[in-house]
Amino acid sequence: MYQHQIDYIEIERRAGIAPPQAEVVSQPPPYNPLLRPLYHDAVAGAEQLFERALADGRIYEDDVKESFQPLVENFRAERDVVSLLLMLNSQDDYTYQHSVQVGMLCYYIARWLNWDEEATVRAGKAGFLHDIGKCKIAEAILNKPSKLTDEEYQEIKNHPQYGYEILKNSFEDPAIALAALQHHERMDGKGYPLGLTGDKIHPMAKVVAVADVYSAMISSRVYREKRDLLHVLREMHELSFQELDPDITYTFIRHMVPNFIGKRVELSTGEVGTIVMTHPTDFFRPLVQVGDQFLDLSVNREYEIVHVNT
């Protein structure tokens, strides 16, 4: 049932057969309820890691495991990533929430890429720690509600190098440090800090880049309202033609889109419906039920989804 995105079914008993006495089972929540406290613990742990990194110039494996591992163990079986992200997204503590979200998304992406379990866990760890260099950036710059000055933006662009130095001093695994150093590099060479292109970017950094961009786009910021999750996937599809790794981005989108099945959507006509089936190739034009009518948006091109209700 999980493979087909079915949460529960109703079974009608045949006439003449008395139903057994049983408890009424309510529909389960779309995510594991244990995740909320574990998520908040991970966010608090991320804040402590940033403080330790600033004070000591390094972080410690045991602290990372204590902060992030309990969440990994519980979201390993989580199938509805969209509901999970909607539940966990808020305006508070953006930097630390972003670290946790990127760690979670990197874990999923690596699993969807069929990486082995060890590499998948390492990807989650790399995502969780990718922004650790921001511990050296003043909060006044990180949380500035208005446009950054050129000098402030240049300081922000130093955080990958800061993070690389911290993680290189903390772990033997070079991929963790390289992911932090290169997660703002882009396939077309227009990223930073080194302007790397294509295969010169470490695979772990490419995964972190996709997760980082998605998390940043869907998050509430003091200077920007969060954007619709499906709309963001469309934007990422556009980015995959030049900036983000196309195979990783395509894999991410392909696995994320089915999680919108069952979500209420508003169409460009003002009508409200429910996504009942996704298209295997035309990802952003699913089958939508509006009342008794079924609209195949891959055929009815005059319809657009303008908002996915949370």
request  = Of the conditions (1) open to solvent by 60 Å² or more (accessible area, probe 1.4 Å); (2) among the polar types (S, T, N, Q); (3) farther than 30 Å from ARG186 by Cα, THR281 clears all except one; give me its number.
outcome  = (3)
key: Set HIS237, HIS231: member being open to solvent by 50 Å² or more (accessible area, probe 1.4 Å), modelled with pLDDT of 90 or more and outside any loop (DSSP other than H, G, I, E, B)   = HIS237
task = Sort through ALA18, ALA46, ALA55 and tell me the only one that's at pLDDT 85 or above, loosely packed, with under 14 Cβ neighbours inside 10 Å and either among the aliphatic types (A, V, I, L, M) or closer than 30 Å to VAL257 by Cα (or both).
result = ALA55
inquiry  = Return the pair list, or none, for Cβ contacts closer than 8 Å from residues in the range 50-74 that are closer than 15 Å to GLU172 by Cα to residues that are polar (S, T, N, Q) and not in a helix (DSSP H, G or I), at least 6 apart or on different chains.
reply    = ARG58/ASN169; ARG58/SER170; ILE59/SER170; TYR60/SER170; GLU61/SER170
inquiry  = Could you go through the range 93-103 and let me know if any residue there is surrounded by fewer than 21 Cβ atoms within 10 Å (Cβ to Cβ), touching a Cys at 6+ places or on another chain (Cβ under 8 Å) and either over 20 Å from LEU229 (Cβ atoms) or at pLDDT 90 or above (or both).
reply    = no
request  = State all residues of the range 145-176 that are surrounded by 20 or more Cβ atoms within 10 Å (Cβ to Cβ) and either of a type in the set (A, V, I, L, M) or under 23 Å from the mean Cα position of the chain (by Cα) (or both); if no residue qualifies, say none.
outcome  = HIS159, PRO160, GLY163, TYR164, ILE166, LEU167, ILE176
ask   = If you scan the range 177-191, which residues turn out to be open to solvent by less than 40 Å² (accessible area, probe 1.4 Å) and not in a helix (DSSP H, G or I)?
value = HIS183, HIS184, GLU185, ARG186, GLY189, GLY191
request  = Please indicate, with yes or no, whether at least one residue in the range 113-135 is over 23 Å from the mean Cα position of the chain (by Cα) and outside any loop (DSSP other than H, G, I, E, B).
outcome  = no
task = Look at the range 196-208 and say how many of its residues are out of contact with any Asp or Glu (no Cβ under 7 Å at 6 or more places or on another chain) and open to solvent by less than 30 Å² (accessible area, probe 1.4 Å).
result = 4
query = Does ASP245 satisfy the condition of being under 18 Å from the mean Cα position of the chain (by Cα) and within 29 Å of ASP199 (Cβ to Cβ)?
reply = yes
inquiry  = Quick test of your reading of the structure: ASP131 fulfils all but one of (1) surrounded by fewer than 24 Cβ atoms within 10 Å (Cβ to Cβ); (2) more than 21 Å from ASN74 (Cα to Cα); (3) not β-branched (Val, Ile, Thr). Name the failing condition by number.
reply    = (1)
request  = With the condition kept exactly as written, say whether any residue in the range 254-266 is over 21 Å from the mean Cα position of the chain (by Cα) and touching a residue at least 24 places away in the same chain (Cβ under 8 Å).
outcome  = yes
inquiry  = Please count how many residues of the range 254-268 are surrounded by 19 or more Cβ atoms within 10 Å (Cβ to Cβ) and among the β-branched types (Val, Ile, Thr).
reply    = 2
inquiry  = Checking the condition out of contact with any Cys (no Cβ under 8 Å at 6 or more places or on another chain), under 23 Å from GLN97 (Cα atoms) and of a type in the set (A, V, I, L, M, F, W, C), which residue from LEU287, LEU297, LEU267, LEU244 passes?
reply    = LEU244
task = Kindly provide the set of residues from the range 284-301 that are touching a residue at least 24 places away in the same chain (Cβ under 8 Å) and open to solvent by 20 Å² or more (accessible area, probe 1.4 Å), ordered by number.
result = PHE284
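The values are calculated or read from the model by the stated rules, or taken from the named source; none is laboratory data. Everything quoted here is computed from the prediction, not taken from an experiment. Counting neighbours? That spans all protein chains shown, and the Cβs are built from the backbone with ideal geometry, glycine included. These area figures cover heavy atoms from the full protein model, side chains too; ligands, DNA and RNA do not enter into them. Shrake-Rupley method; radii C 1.70, N 1.55, O 1.52, S 1.80 Å.
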